[in-house]
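Asker: My questions will all concern the structure given below.
The values are calculated or read from the model by the stated rules, or taken from the named source; none is laboratory data. Everything quoted here is computed from the prediction, not taken from an experiment. Only protein heavy atoms, including side chains, enter the accessible area calculation; ligands, DNA and RNA are left aside. Shrake-Rupley method; radii C 1.70, N 1.55, O 1.52, S 1.80 Å.
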Amino acid sequence: QVQLKESGGGLVQPGGSLRLSCAASGGIFCIYVMGWYRQAPGKQRELVAFISSGGSTNYVDSVKGRFTISRDNAKNTVYLQMNSLKPEDTAVYYCRHYGTDSWGQGTQVTVSS
């Protein structure tokens, strides 16, 4: 199992920005797809974005143009830059290591005025 630890969540006003980080340890990082998911209260966990080992990215339609996923293989870290945040982006955000199906503990993002 790979250990994943998310950070960077918090409370932000609508239109604001946050940058989430997910640091991986205990396994191979660079060759595997990494993803960000989120789960809002009362809803199922959904995929937000993923990035391949080579840097190819894919996003759910609701965040396209606002969120950017990236990775630093030298630091075993994946990032999610979130801009123009909306109240509907409020959720717990999780990262996932696809190679071992490992998940982090999540970080809360709250968008509210």
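Asker: Got a number for residues in segment 1-15 being part of a loop (DSSP other than H, G, I, E, B) and either open to solvent by 20 Å² or more (accessible area, probe 1.4 Å) or farther than 21 Å from residue 49 by Cα (or both)?
Answerer: Selection size over segment 1-15: 6.
Asker: Go through segment 104-113 and report how many residues are open to solvent by 50 Å² or more (accessible area, probe 1.4 Å) and among the β-branched types (Val, Ile, Thr).
Answerer: Here the count works out to 0.
Asker: Continuing with the same structure: What about residue 57, is it modelled with pLDDT of 95 or more and closer than 25 Å to residue 113 by Cα?
Answerer: Criteria not met by residue 57.
Asker: On to the next question. For residues in segment 30-71 being small (Gly, Ala, Ser) and over 18 Å from residue 111 (Cα atoms), which is farthest from the chain's Cα centre (by Cα)?
Answerer: 54
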